[in-house]
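Engineer: Structure provided below as structure tokens; questions to follow.
The values are calculated or read from the model by the stated rules, or taken from the named source; none is laboratory data. The structure displayed is predicted, hence computed values, not measured ones. A quick note on method: Cβ atoms are made from the backbone with ideal geometry, for glycine too, and the neighbour counts reach across all protein chains shown.
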Amino acid sequence: MRPARALIDLQALRHNYRLARELSGAKALAVIKADAYGHGAVRCALALEPEADGFAVASIEEALELRAAGIKAPILLLEGFFEASELALIAEHSLWCVVHSLWQLEAIEQTQVHKPLTIWLKLDSGMHRVGLHPKDYHEAYERLLASGKVSRIVLMSHFARADEPQAETTAEQIAVFNSAREGLAAECSLRNSPGVLAWPQAPSDWVRPGIMLYGASPFEAEHPQAARLQPVMTLQSRVISVRELPAGAPVGYGAKFISPRPTRVGVVAMGYADGYPRHAPTGTPVLVAGKRSQLIGRVSMDMLCIDLTDVPEANVGSPVELWGKHVLASDVAMHAATIPYQIFCNLRRVPLDYYGE
């Protein structure tokens, strides 16, 4: 059996969720969209449900998968609905729904639902992706209440640069949000993962931890609160071949690595078809036989090569950690010029093994 697999530490997942609530002093929706960022949405939700205030997903398909698995906690649709016909299912399954556009508001006004909805009304406070314009916000709130189809409204927005603690943008967005919600008696939600970790001044009765749930920092630089996170996923495999090469020998496609000295090369059963970033360059860290080493040459579809020259005890069968508790996913992402969100979400073909139930 191919040795590539991802170990998912559910106890670490619960630790990170509790940290989000501790730091925020607020209720927390665990963001498990995109199959819990590649960690398995159903298993993560089942592990968190006994203590979670609720969950957040991208679409109704993701929400219905959780309901089918027996998840009864609140589930928020972060993108709302895409067609008015979805409103019947939203009501039937007691889903919470974001409204970010006037057409969604009009659809609610024109559609019959058999029970009142919980709506999270999204403001565009400066990200300029989705969300109502500040000038429309009060009127939208009043129209939802007047529709007779809404029992509860939570006011929300989303930060564009909260992962840059020195940027002024977040403070500006907070000011826009506070101005737009003035006079509205409703709970609010502003803080995502970087908001929880670095922006305590952002008003939030509800927080929405995402990447921090999985133990990866949203920041490029070190941050004291992010240092308290515990990695949830360990992507691992084994060495399947070892060869001794003289100085000046090419390794892998394109001969992008030429051995500068006599080099002991290990081949690992892991490649870009598994979700490991193809553009990770020579020097990207790995852990082999418990010692830190590095990737050499190009990543192939099913295999990659690592330097075993200074790890003489490593051989065929030696365990390799591609990222996890010793090699941080954020370090791998930085070398590959991407972000941990993407490398988690790109994971595929690799079995997920859960522990820490």
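Engineer: List, please: which pairs have Cβ atoms under 9 Å, are six or more places apart or on different chains, and start with a residue in region 59-76 that is without any contact (Cβ under 8 Å) to a residue 60 or more places away in the chain and end with one that is surrounded by fewer than 16 Cβ atoms within 10 Å (Cβ to Cβ) and hydrophobic (A, V, I, L, M, F, W, C)?
Structural biologist: Ser59/Phe82; Ile60/Phe82; Ile60/Leu89; Ala63/Leu89; Leu64/Leu89
Engineer: Further, regarding this structure: Restricted to region 323-357, and to residues that are assigned to a helix (DSSP H, G or I) and of a type outside the set (A, V, I, L, M, F, W, C), which residue is surrounded by the most Cβ atoms within 10 Å (Cβ to Cβ)?
Structural biologist: Going through the qualifying residues, I end up with Pro340.
Engineer: Can you name the number of the only condition in (1) of a type in the set (Ser, Thr, Tyr); (2) buried (at least 16 other Cβ atoms within 10 Å of the Cβ); (3) without any contact (Cβ under 8 Å) to a residue 12 or more places away in the chain that Tyr17 fails?
Structural biologist: (3)
Engineer: Within region 88-119, can you find the residues that are more than 14 Å from Leu144 (Cα to Cα) and in a helix (DSSP H, G or I)?
Structural biologist: Passing the criteria: Ala88, Leu89, Ile90, Ala91, Glu92.
Engineer: Could you list, in sequence order, the residues of region 6-26 that are under 30 Å from Gly271 (Cα atoms), in a helix (DSSP H, G or I) and not small (Gly, Ala, Ser)?
Structural biologist: The answer is Leu10, Gln11, Leu13, Arg14, Asn16.
Engineer: A further question follows. When you check Val98 against the structure, is it under 22 Å from Phe159 (Cα atoms) and surrounded by fewer than 21 Cβ atoms within 10 Å (Cβ to Cβ), yes or no?
Structural biologist: So Val98 does not fit the description; no.
Engineer: Residues of region 150-186 being more than 23 Å from the chain's Cα centre (by Cα), part of a loop (DSSP other than H, G, I, E, B) and crowded, with 20+ Cβ neighbours inside 10 Å, which ones?
Structural biologist: Passing the criteria: only Arg181.
Engineer: Regarding region 309-322, can at least one residue be identified that is modelled with pLDDT of 95 or more, touching a helix residue (DSSP H, G or I) at 6+ places or on another chain (Cβ under 7 Å), of a type in the set (Asp, Glu) and part of a loop (DSSP other than H, G, I, E, B)?
Structural biologist: No: region 309-322 contains no residue that is modelled with pLDDT of 95 or more, touching a helix residue (DSSP H, G or I) at 6+ places or on another chain (Cβ under 7 Å), of a type in the set (Asp, Glu) and part of a loop (DSSP other than H, G, I, E, B).
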